[in-house]
Amino acid sequence: MTARVILLLTVFFLSLNLFSQKGELPSVDVQNKYGESYNTDRISNDGKPIILSFWATWCKPCIKELSAIQDVYPEWREETGVKVVAVSIDNARSTSKVLPMVNGNGWEYEILLDPNGDFKRAMGVNTIPHTFILNGDGEVVWQHTSYSEGSEHQLIEKVRKLNRGESLD
């Protein structure tokens, strides 16, 4: 009987983790870039794709990825309607560096702060940068970790495929 309960609990918790990685976004309280409360269930883009990027001010690959995307973001928005939401996982002591970095780099993204790591944990993020693509219904349809120069081209191609109704695998 005990082994069966443990097995059921294990399957339950594994399914929760998979749900957050391949389903709807979890509802978690974070902050907007001004430190005001914001629930992640409000993340939307009028039925168009969303790129959700977890990053931190101390993460050089994160900054390179977000800067590379910013260089082409206006064209991406015009072509695909995609919206980028950048979620900083900086802790409470370093969140004061987020807005100056965003402004200094000219990032035109929606910025969210996750100083307690609640959203990060709910999404199964262990390594940053960790980037997700959400479809028009707000469901996670693709994700990747790390950044190498030029990988933003793969990212926009995935968004284009999503817009055409093609598989992202």
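Read-outs throughout are calculated quantities, based only on the coordinates presented, and are distinct from any laboratory measurement. Remember, predicted model here, so these are calculated numbers, not experimental data. Note that we place each Cβ from the backbone using ideal geometry, even for glycine, and neighbour counts take in every protein chain shown.
A few notes on this one:
- From the list R164, R77, R160, the lone residue that is farther than 20 Å from L25 by Cβ and touching a helix residue (DSSP H, G or I) at 6+ places or on another chain (Cβ under 7 Å) is R160.
- Against the numbered list (1) more than 19 Å from S37 (Cα to Cα); (2) touching a residue at least 40 places away in the same chain (Cβ under 8 Å); (3) out of contact with any Lys or Arg (no Cβ under 7 Å at 6 or more places or on another chain), E157 comes up short only at (2).
- The lone exception for S148 - which of (1) assigned to a loop (DSSP other than H, G, I, E, B); (2) touching a Phe, Trp or Tyr at 6+ places or on another chain (Cβ under 7 Å); (3) farther than 24 Å from E24 by Cα it fails: (2)
- Single residue of region 84-111 satisfying the filter (assigned to a strand (DSSP E or B) and in contact with a Leu (Cβ under 9 Å, 6 or more places away or on another chain)) that is surrounded by the most Cβ atoms within 10 Å (Cβ to Cβ): S88
- A single member of K64, K83, K97 is under 19 Å from D137 (Cα atoms), touching a residue at least 24 places away in the same chain (Cβ under 8 Å) and not aliphatic (A, V, I, L, M), and it is K83.
- Positions within region 112-131 being under 16 Å from E24 (Cβ atoms), aliphatic (A, V, I, L, M) and over 10 Å from the mean Cα position of the chain (by Cα), in sequence order: A122
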